[in-house]
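The values are calculated or read from the model by the stated rules, or taken from the named source; none is laboratory data. As the structure is a prediction and not an experimental result, all values here were calculated from the model. Ideal geometry is used to build each Cβ from the backbone, glycine not excepted, and the neighbour counts take in all protein chains shown. All accessible areas refer to the heavy atoms of the entire protein, side chains included, with ligands and DNA or RNA removed. Shrake-Rupley method; radii C 1.70, N 1.55, O 1.52, S 1.80 Å.
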Amino acid sequence: MRTERICSVEALVRWRHPERGVVAPDAFLPAAEQTGLIDPLTRWILGAALAQIGDWGAACDALSVAVNVSARNLARADFADAVLTALAEAGVPAARLIVEITETALMTDPAVAADVLGRLAAAGVRVSIDDFGQGQTSLAYLATLPLHELKIDKSFVDDLPDNIAHAAIVRSVIDLGHNLGLQVVAEGVETTEVADLLTAAGCDIAQGYLLARPMPADDLPSWLNARQATVG
């Protein structure tokens, strides 16, 4: 937030249905979770995201790419193997991949989750806790995990200028993250007022519509060039 540098992007899945048009993730991901389709879907998203890094080439060589991982994925003991194999096949350095998990996913099978995340982190993959503040994760458990990043849930960021309680929570999470040696990301940043408050509170990274709305991956290099010309 201090340098205004774009450091990472997030892979977002959209279903372009031939009759219903664009179907939002909330409409189909729960069904994928319940039917087991989430495993092949996550592998496909991971493969597509890593292949995209290669397609971007030098234009985006400073960017990391974040991929969301579900509770079902994280509960599979072989999930770390699948991620490391995908990285090797794509020829992408592990440090350019961020695996995003929710607090709820962590608690589905804590022992397996800790093992999977430990293997990924040891290989150089960054691990991020998504939507932090919405779950019930024990801070003692969090402190044992190989984490790199906390993402403050959008619900606490939206009304930051007007909600004293949420402002206090955001400051506390930033302090907590820094005390644990983690970067802190604020999700859902849509106004300069919110961004200024987060910067003053010491937040490291902002994500949200203030920066950019979701875009086709092929549009990213030109968007980055245009932004660089604007911010200098």
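Summary of values
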{"read-out": "Fully extended contour minus Cα-Cα distance, from Glu4 to Asp159, at 0.36 nm per residue", "value": "53.6 nm"}
{"read-out": "Listed residue (Trp15, Gln183, Asn225) projecting farthest to the positive dipole end of the chain, Cβ model", "value": "Asn225"}
{"read-out": "Between region 118-132 and region 45-77, the alpha-carbon center distance in angstrom", "value": "13"}
{"read-out": "For the chain, built as a Gaussian network whose Cα springs stay under 10 Å, the top-fluctuating residue of Arg16, Arg76, Arg171", "value": "Arg16"}
{"read-out": "Over the chain, relative contact order from alpha-carbon pairs under 8 Å, at least 6 apart, %", "value": "15"}
{"read-out": "Values of log10 I(q)/I(0), in the order q = 0.11 Å⁻¹, for region 91-193 under a Debye, Cα-only, solvent-free model", "value": "-0.35"}
{"read-out": "Surrounding net charge for Val67, when Lys and Arg each add one and Asp and Glu each subtract one, Cβ distance under 9 Å", "value": "-2"}
{"read-out": "Radius of gyration and maximum dimension Dmax of region 1-81, Cα, Å", "value": "15.1, 45"}
{"read-out": "Most fluctuating residue given options Trp15, Trp44, Trp56, as computed from a GNM of the chain linking Cα atoms under 10 Å", "value": "Trp15"}
{"read-out": "Surface accessible to a 1.4 Å probe, per residue, for the residues of the chain, Å²", "value": "51"}
{"read-out": "Sulfur and carbon atoms: percent of accessible area, region 27-174 [1.4 Å]", "value": "58"}
{"read-out": "Nitroxide proxy distance, nm - points 7 Å out along Cα→Cβ at Ala48 and Arg20", "value": "1.6"}
{"read-out": "Rounded to whole Hz, the Karplus (6.51, -1.76, 1.60) HN-Hα couplings of region 84-99, x for glycine and proline", "value": "5, 5, 4, 4, 5, 5, 7, x, 9, x, 4, 5, 8, 10, 10, 9"}
{"read-out": "Computed label-point distance, nm, for sites Ala123 and Tyr209 using a 7 Å Cα→Cβ extension", "value": "3.6"}
{"read-out": "Distance in nm between pseudo-label sites at Ala229 and Gln34 (7 Å out along the Cβ direction from Cα)", "value": "4.9"}
{"read-out": "Amide proton proximity set for Glu10, modelled H, under 5 Å, gap of 5+", "value": "Ala66"}
{"read-out": "Residues in region 208-232 that a label on Ala59 would reach, taking backbone N under 11 Å of a point 7 Å out along Cα→Cβ", "value": "217-226"}
{"read-out": "Alpha-carbon gyration tensor eigenvalues x 5, square-rooted, for the chain, Å", "value": "26, 23, 19"}
{"read-out": "Fraction of beta bridges assigned by DSSP in the chain that are antiparallel (%, nearest 5)", "value": "10"}
{"read-out": "Sum of -39500 (n - 2.57) over DSSP H runs of 4+, divided by residues of the chain (222 nm, nearest 500)", "value": "-14000 deg cm²/dmol"}
{"read-out": "The chain - charge dipole about Cα centre, Lys and Arg +1 at Cβ, Asp and Glu -1, debye rounded to 20", "value": "380"}
{"read-out": "Candidates Leu139, Leu50, Leu41: whichever shows maximal mean-square fluctuation once the chain is modelled as a Gaussian network with Cα springs under 10 Å", "value": "Leu139"}
{"read-out": "Total formal charge among the other residues, if their Cβ is under 13 angstrom from that of Leu220, Lys/Arg +1 and Asp/Glu -1", "value": "-3"}
{"read-out": "In region 6-57, GluC sites (Glu not before Pro) in a DSSP loop with at most 16 other beta-carbon atoms within 10 Å", "value": "Glu19"}
{"read-out": "Rounded to whole Hz, the Karplus (6.51, -1.76, 1.60) HN-Hα couplings of region 197-204, x for glycine and proline", "value": "5, 5, 4, 5, 7, x, 5, 7"}
